[in-house]
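Working notes, structure below.
Please treat every number below as a calculation from the coordinates, not as lab data. Source: prediction; values computed, not measured. FYI the Cβ positions are ideal-geometry reconstructions off the backbone, even for glycines, and counts take in every protein chain you see.
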Ligand code: FES
Ligand SMILES: [Fe+2]
């Protein structure tokens with residue numbers, strides 16, 4: 001893992017309250033960021049470009065200071081710099097222009113010749129970026145599943161949704177849609193009442209827990225008491241753990257890149273402490289079917305940004321407990 005920034009405290013970043021720029025966001029798979037070619041992407045509506053310099057993932061503004069060209073259309077030089085496709089200016093990973101081909105070699109480079117570079121790190125096979133000093137760490141798994149040799153954990157799915165990251169995460173936290181969108185997969189129309197849940201604030205966001213009886217026709221035997229737990233890491237990472245009395249634990253984890261106001265990139269991991277070494281195809285297809293059911297609905301929601309003011313939309317005490325906790329937590333840092 002390589003890191004080019006550390007976590008700042010609120011004191012360090014002054015009086016401005018943190019917003020979405022002050023968090024790490026997953027942006028690309030590590031394998032997509034190479035020393036062979038730059039790759040452009042968007043984060044919070046900002047055009048960025050990634051490349052690998054001396055093995056380290058670097059992220060710059062995708063905008064040449066000379067004439068505003070996208071650097072992602074350029075190439076990587078043998079020295080590991082990114083070259084602009086228009087007049088060939090070369091920038092290193094810090095965003096400093098180190099060569100202007102129209103000048104004689106050795107000529108001084110204008111002091112303003114540079115582009116903004118951003119804090120970049122790699123974790124869980126992804127590249128993460130913070131646009132401003134981060135105030136919180138990158139998510140961790142609820143019980144150390146990532147490092148646990150008795151658990152199988154793997155990166156499983158990636159999607160681009162035409163929906164806000166916050167609407168996407170809230171859907172992941174929503175349990176009362178199971179009998180409708182996921183009838184026969186996660187719930188049943190015969191069992192639509194949502195029991196009480198516990199919501200607790202944590203230093204990373206919040207935790208929600210509730211118990212439900214497994215309806216017939218889904219994955220555990222009918223009538224099994226299932227313990228559902230959500231671990232929400234602000235702003236857009238969440239782990240859903242399903243525990244059954246026989247000790248089986250399944251974790252579905254989601255982290256979203258807020259691409260811009262109306263689209264986001266979803267990265268998913270699956271983990272389980274049972275069926276080790278067993279073919280994963282069925283689990284993958286099951287998860288994909290659930291995600292596709294969710295996508296159709298979430299992409300239809302209006303307004304596109306998640307309303308974080310609780311006076312907007314209509315909330316149910318109890319069934320919407322997790323969504324309420326999310327909107328309350330997201331409000332101060334700004335929704336999307
Ligand atoms: S626009 Fe980039 S070098 Fe001229
Ligand atoms: Fe769903």
*Segment residue 19-residue 202, extension gain: residue separation times 0.36 nm, minus the distance between their alpha carbons*: 64.0 nm
*Before rounding to the nearest 500, sum -39500 (n - 2.57) across all DSSP H runs of length at least 4 in the chain and divide by the residue total; then give [θ] at 222 nm in deg cm²/dmol.*
-3500 deg cm²/dmol
_Between segment 260-330 and segment 120-179, the Cα center-to-center distance that results, in Å_ = 11 Å
_Using alpha-carbon coordinates, inclination of helix 321-330 to the longest axis of the chain, degrees_ = 20 degrees
_Percent RCO, i.e. relative contact order, over segment 177-336, from Cα pairs under 8 Å lying at least 6 residues apart_ = 17 percent
_Expected output is a single nm value to one decimal: the length gained when fully extending between residue 107 and residue 227, i.e. 0.36 nm times separation in residues minus the C-alpha distance. What is it?_
36.5 nm
*Provide the gained length on full extension for the span residue 284 to residue 34, in nm with one decimal, where the gain is 0.36 nm per separating residue minus the Cα-Cα distance.*
87.2 nm
_If you fit an axis through the alpha-carbon atoms of helix 281-298 and take the longest principal axis of the Cα set of the chain, what angle between them do you get, 0 to 90°, nearest 10?_
80 degrees
*Most mobile of 104, 285, 225 in a GNM of the chain (Cα contacts under 10 Å)*: 104
*asked:* Given an 8 Å cut-off on Cα distances and at least 6 residues of separation, report the relative contact order of segment 20-130 as a percent.
replied: 28 percent
_Nitroxide proxy distance, nm - points 7 Å out along Cα→Cβ at residue 96 and residue 275_ = 5.3 nm
*Modelled label-to-label distance, residue 299 and residue 312, 7 Å Cα→beta-carbon offset: nm?*
2.2 nm
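Give me the percent of Cα-Cα pairs in segment 20-130 that sit more than 24 Å apart, rounded to a whole number. Please report the intermediate quantities before stating the final value.
Numbers: 1251 of 6105 pairs.
More than 24 Å apart: 20 percent of the Cα pairs in segment 20-130.
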*Length-normalised contact order for the chain - Cα pairs under 8 Å, 6+ apart - percent*: 18 percent
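Find the Rg to Rh ratio for the chain, where Rh is the Kirkwood radius over alpha-carbon pairs and Rg uses the same atoms. Please report the intermediate quantities before stating the final value.
Details: Rg = 22.2 Å, Rh = 21.6 Å.
Computed over Cα atoms, the ratio is 1.03.
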*Taking the Cα-to-Cβ direction at residue 42 and at residue 116 and moving 7 Å from each Cα, how far apart do the two end points lie in nm?*
1.6 nm
